[in-house]
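Peer 1: Starting off with a structure, shown below.
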Amino acid sequence: MKERVQKFGRFLSGMVMPNIGAFIAWGLIAALFIPDGWLGKWGPAATINIMVGPMLKYLLPILIGYTGGKVIGGQKGAVTGALATLGAIIATDKSLFLAAAESGAITMAAAENVTDSTMFIGAMICGPLGGWCIKKFDKTMEGHIPAGFEMVVNNFSVGIIGAILAILSIFVIGPACVTITGVLGAGVHFLVEHGLLPLTAVLVEPAKVLFLNNAINHGVFTPIGTEQAAELGKSILFMIESNPGPGLGLLLAYCVAGKGETRSSAGAAAIIQFVGGIHEIYFPYVLMNPIVILGPMIGNMAGIFTLSILGGGLVAAASPGSIIAELLMTPKGGYFANIVGIAVAAAVSFAISVFLLKFFGKDASLAEAQAQVAASKAASKGQAVNAGAPTGAEVDIKSVRKIVFACDAGMGSSAMGATMLRNKLKDAGITDIEVIHHPVSEIPGDCQIVVTHHELAHRAVASNPSARVIPIQNFMGAPEYDALVSELLAARKGAPAPAAAPKAADEPASSGPILLEKKNIVLGCEPVSPEEAIKACGRLMVDSGYCAEGYVQGMLERNISFPVAIGSHVAIPHGTNESREFIQKTGLTVMTYPKGIQWGDETVRLVIGIASKGEEHLDILNRIVEVASTEEDTDALVDAATVEDLYKKLNGLA
């Protein structure tokens with residue numbers, strides 16, 4: 001049951017979250033330029049305010065429908081889903097029906113029966129429906145399209161199916177969604193009118209810790225809250241899940257009543273959670289002592305009650321849920337209510353959590369709790385835990401022209417793996433295959449083969465179901481590389497020599513900026529745990545201005561998901577894709593451990609920390625592949641290492 005709810009939550013948030021920036025843009029424009037907004041009296045404000053209605057009515061639902069269609073059916077599904085969504089929107093645009101009635105196209109009575117509604121729920125139905133229809137059509141037609149007619153069939157199938165769904169949406173889906181929206185809205189109104197809205201915290205706070213909150217927050221609160229904000233200028237629903245007060249109170253309680261590592265780490269975690277909006281940083285502290293969930297739960301209830309009494313709320317969704325985002329989305333005249341609501345939530349959560357920790361708290365391992373969080377987070381994203389790695393679809397090996405290496409963030413492991421395979425293909429005389437790297441969540445639809453860590457194989461299949469997935473244990477010297485090259489060579493025997501593929505877009509230039517500074521090369525380190533090695537890299541990165549503290553937490557989470565030891569006695573700590581927002585500029589750190597670190601099943605002697613905003617670091621990673629492609633190479637490099645030598649070799653100066 002939990003897995004089904006997690007899957008549903010992923011599906012809903014997968015449609016809304018990629019478009020949250022558009023929701024924020026709408027909220028900012030509304031807060032600034034509506035007649036009662038901050039700049040509502042400014043001369044051009046009335047003109048700018050004209051955008052508010054169309055953005056809410058058309059742009060946001062179509063974006064959701066487009067994204068939902070793309071999740072199911074790729075680019076064709078995205079277009080079909082957007083067309084279907086437009087039909088649902090039209091069904092609830094009373095102004096269009098009134099205009100049609102005035103022209104005599106329909107009766108005035110029919111126009112008057114139309115109910116204005118914002119079609120977020122309609123978009124969440126129409127988008128995936130469009131993607132599903134086009135996917136089913138493509139599967140049915142597979143192998144039956146005459147050569148040369150592929151583009152005609154593809155384009156006309158989208159147009160015909162999209163048109164049919166748009167018409168269906170006008171008469172069926174749109175009116176049905178009006179009814180659904182009305183029921184949900186009435187339910188929220190009932191909770192507000194009877195003072196029961198605080199009870200939602202009983203569900204929301206445990207759901208957050210289990211990564212189930214997206215099903216509630218972005219599936220219900222954001223769509224209904226956006227419609228409320230359009231009517232009233234704000235909505236309290238935006239603050240039920242995003243309020244940073246409950247988590248702040250819990251972490252401050254650990255600062256007072258915690259023990260050992262949990263007490264010393266809680267202060268920094270509180271800053272990251274409250275200012276950075278990374279709520280998941282407090283989840284391990286709950287899992288260590290599950291009873292303390294009562295603190296954030298009751299704290300959030302008190303905060304919601306306070307917001308209800310004082311009339312608090314936001315103009316749009318706050319994402320991430322930081323105090324900065326909350327204040328930016330606060331409407332004019334609403335700061336007192338929102339700040340008090342957040343403060344009350346934090347104070348109540350703090351008081352209850354301190355009591356629970358003093359009388360019911362127990363000693364527990366923060367590392368074990370973080371591992372539980374990582375496992376839960378992996379499950380919430382559909383990542384397999386201790387499961388057999390899938391291999392995706394069957395592909396014609398002769399037709400392969402693009403291979404993608406995929407890892408969680410697309411900046412370290414995959415870049416090095418891509419370089420190794422690219423070199424092996426070149427040595428084998430295969431020049432017509434493009435080898436690139438990407439985050440596992442953004443695998444291009446036109447690649448035929450995906451190489452990824454075996455623990456990411458499930459996500460790779462979900463990201464590109466039409467590709468063959470090759471799972472590997474490590475990215476350095478994996479035997480699967482040679483097997484793939486042999487397979488490709490065998491498929492090309494007797495075939496005419498293909499034209500060389502263009503140079504990969506991410507292939508680095510021969511020279512570039514100095515990204516590895518001498519001060520960030522540390523030799524002869526004593527053996528420590530992998531976590532301590534990552535933290536040491538992180539401290540160097542933060543001190544050098546490469547990243548904020550939140551990225552270090554992302555590095556730890558990345559290693560928990562699956563170790564960053566990539567083979568050949570090398571580890572490359574780097575953050576998750578989500579933590580890239582904490583990177584301030586590109587830079588690397590290098591630390592040698594001559595006695596070795598036991599890193600999972602690997603022994604690591606060379607640790608390279610990576611923080612990258614773009615592709616600038618690839619040149620150094622490629623040089624690492626050259627000088628540390630085998631265990632013997634790495635051992636020789638570490639044993640003879642000097643700061644000057646590593647500085648020159650890895651920066652391409654020698």
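Peer 1: Among 149-160, 50-61, what's the highest-first ranking by average C-beta atoms within 10 angstrom per residue?
Peer 2: Output ranking for 149-160, 50-61: 50-61, 149-160.
Peer 1: Right, here's the next one. Along the Cα-to-Cβ line of K259, 7 Å from the Cα, sits a label point; which residues in segment 334-359 have backbone N less than 14 Å from it?
Peer 2: In segment 334-359, the label zone of K259 (backbone N under 14 Å from the point 7 Å along Cα→Cβ) covers 357-359.
Peer 1: Let me ask you something else. Suppose each label sits 7 Å from its Cα in the direction of the beta carbon; what would the K535-A351 distance come out to in nanometres?
Peer 2: My value for the distance between the label points is 3.4 nm.
Peer 1: Working out 0.36 nm times the residue gap between E517 and I167, then minus their Cα-Cα distance, what length gain in nm do you get to one decimal?
Peer 2: Roughly 119.9 nm would be gained on extension.
Peer 1: Then there's this: Give me, ordered by chain and number, the residues 5 or more places off W599 or on other chains with an amide H under 5 Å from its own placed amide H.
Peer 2: Those lying under 5 Å, H to H, from W599 are V604.
Peer 1: Determine the equivalent ellipsoid of segment 550-654 by diagonalising the alpha-carbon gyration tensor, then write out the semi-axes as square roots of 5 times the eigenvalues, largest first, rounded to whole Å.
Peer 2: Output for segment 550-654: semi-axes of 22, 18, 10 Å.
Peer 1: Taking the mean number of other Cβ atoms within 10 Å as a proxy for protection, how do you rank 521-534, 70-83, 288-301 from highest to lowest?
Peer 2: So the peptides 521-534, 70-83, 288-301, ranked by packing, come out 70-83, 288-301, 521-534.
Peer 1: Mind sorting F238, F190 by how few other Cβ atoms lie within 10 Å of their own Cβ, fewest first?
Peer 2: F190, F238
Peer 1: Taking neighbour Cβ counts within 10 Å as the exposure measure, how do M108, M555 sort from fewest upward?
Peer 2: Going from least to most buried by this count: M108, M555.
Peer 1: How large is ³J(HN,Hα) for each residue in segment 196-209, as worked out from phi by the Karplus curve 6.51 cos²θ - 1.76 cosθ + 1.60 (θ = phi - 60°), to whole Hz, x for Gly and Pro?
Peer 2: Listing the rounded values in order: 9, 4, x, 5, 4, 5, 4, 8, 5, 5, x, 4, 4, 5 Hz.
Peer 1: How would you rank 577-583, 331-337, highest first, on the average number of other Cβ atoms within 10 Å across their residues?
Peer 2: The peptides rank, most packed first, as 577-583, 331-337.
Peer 1: Taking H as built 1.01 Å from N, whose amide H comes closer than 5 Å to the amide H of I472, not counting residues under 5 places away?
Peer 2: The list, which skips near neighbours in sequence, is T452, H453, H454.
Peer 1: Grab the beta carbon distance between A186 and D396, set R0 = 51 Å, and tell me the FRET efficiency rounded to 0.05.
Peer 2: So the FRET efficiency works out to roughly 0.40.
Peer 1: So for segment 25-118, Kirkwood radius off the Cα pairs, Stokes-Einstein at 4 °C and 1.567 mPa s: how many µm² s⁻¹?
Peer 2: Roughly 86 µm²/s, to the nearest whole number.
Peer 1: Okay, moving on. Going down the list K70/K332; K519/K613; K76/K398; K332/K585; K424/K613; K208/K613, which pairs span over 31 Å between their C-alpha atoms?
Peer 2: Cα-Cα > 31 Å for K70/K332; K332/K585; rest within.
Peer 1: Pop a pseudo-label 7 angstrom from the Cα along the beta-carbon direction at both D432 and K136 and give the gap in nm to one decimal.
Peer 2: That separation, rounded to one decimal, is 3.8 nm.
Peer 1: Another question, then. Can you work out the Karplus-derived ³J(HN,Hα) for every residue in segment 465-470? Use 6.51 cos²θ - 1.76 cosθ + 1.60 with θ = phi - 60°, whole Hz, and x for glycine or proline.
Peer 2: x, 8, 9, 7, 10, 10
Peer 1: What nm distance separates the two modelled labels at D482 and A100, each placed 7 Å from Cα along Cα→Cβ?
Peer 2: Spacing of the two 7 Å Cα→Cβ label points: 6.8 nm.
Peer 1: Enumerate the calculated ³J(HN,Hα) couplings along segment 422-435 in order (Karplus 6.51 cos²θ - 1.76 cosθ + 1.60, θ = phi - 60°), each rounded to whole Hz, writing x wherever the residue is Gly or Pro.
Peer 2: For segment 422-435, the Karplus curve yields 4, 5, 5, 5, 4, 5, 7, x, 8, 10, 9, 10, 8, 10 Hz.
Peer 1: Just from the alpha-carbon atoms, what are the Rg and Dmax of segment 47-202 in angstroms?
Peer 2: 18.7, 65
Peer 1: Moving on. Taking H as built 1.01 Å from N, whose amide H comes closer than 5 Å to the amide H of V522, not counting residues under 5 places away?
Peer 2: It is V590, M591, T592, by chain and number.
Quick note: the coordinates plus some simple rules give every number you see, no bench work behind them. Everything quoted here is computed from the prediction, not taken from an experiment. Backbone-built Cβ (ideal geometry, glycine too); neighbour counts: all protein chains shown.
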